[in-house]
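See structure below.
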Amino acid sequence: MLPARRSRALITGGPFKFTRNPLYLGLMLLYAGVCLAAGAAWPLLFLPVVVALLHWIVILPEEKYLEDRFGDDYRAYRARVRRWV
C-alpha cells in the first residue's frame, strides 16, 4: 500500500496466501541472514526493536485501513492467514 494512494484490491494470493506481511518478513529474514553471513551477530539485538516499531507504527495502522476499506473480505482474510507465518 502506498501511503498516498488508496488500495483498489485486496491481494490474497501468492506469498500473501501464507503471511499477511511477506515483504516485512522477507526484509527481516534478509537482515538476519546478512548479519549472520557477515559474522556479526550483535546487530541482531536491534531486530526485536525494529519489529516492535514496525508493528506499532506501520502494521497496525495498515491493518485498520484495510479493514475499513475492505470490511468483511479483509476480516475473513485476516482470520485465515497469520500476520507472520
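The values are calculated or read from the model by the stated rules, or taken from the named source; none is laboratory data. Fair warning: this is a prediction, and the values are worked out from it, not measured in the lab. Here Cβ is always computed from backbone atoms with ideal geometry, including for glycine, and neighbour counts include all displayed protein chains.
Taking the condition out of contact with any Phe, Trp or Tyr (no Cβ under 7 Å at 6 or more places or on another chain), of a type outside the set (Val, Ile, Thr), in contact (Cβ under 8 Å) with a residue 12 or more places away in the chain and surrounded by fewer than 10 Cβ atoms within 10 Å (Cβ to Cβ), does Arg6 pass?
yes
In the stretch 49-85, what residues are among the aromatic types (Phe, Trp, Tyr) and assigned to a helix (DSSP H, G or I)?
Trp56, Tyr65, Phe70, Tyr74, Tyr77
Please name all residue pairs, on different chains or six or more residues apart, with Cβ atoms under 7 Å, provided the first residue is in the stretch 59-84 and is over 14 Å from Ala9 (Cα atoms) and in contact (Cβ under 8 Å) with a residue 12 or more places away in the chain and the second residue is in a helix (DSSP H, G or I) and not hydrophobic (A, V, I, L, M, F, W, C).
Every condition considered, the pairs that remain are Val81/Lys17.
Tell me, which residue of the stretch 36-48 that is of a type outside the set (A, V, I, L, M, F, W, C) and part of a helix (DSSP H, G or I) is farthest from Leu23 (Cα to Cα)?
Pro43
Across the stretch 5-22, what is the number of residues that are assigned to a helix (DSSP H, G or I) and modelled with pLDDT under 95?
Number of matching residues: 0.
Would you please list the contacts, defined by Cβ atoms under 9 Å and residues six or more apart or on different chains, that run from a residue in the stretch 15-39 that is within 28 Å of Ala79 (Cα to Cα) and in contact (Cβ under 8 Å) with a residue 24 or more places away in the chain to a residue that is hydroxyl-bearing (Ser, Thr, Tyr) and in a loop (DSSP other than H, G, I, E, B)?
Leu25/Thr19
Is it fair to say Ala41 is exposed (fewer than 12 other Cβ atoms within 10 Å of the Cβ) and in contact with a helix residue (DSSP H, G or I) (Cβ under 7 Å, 6 or more places away or on another chain)?
The answer is yes for Ala41.
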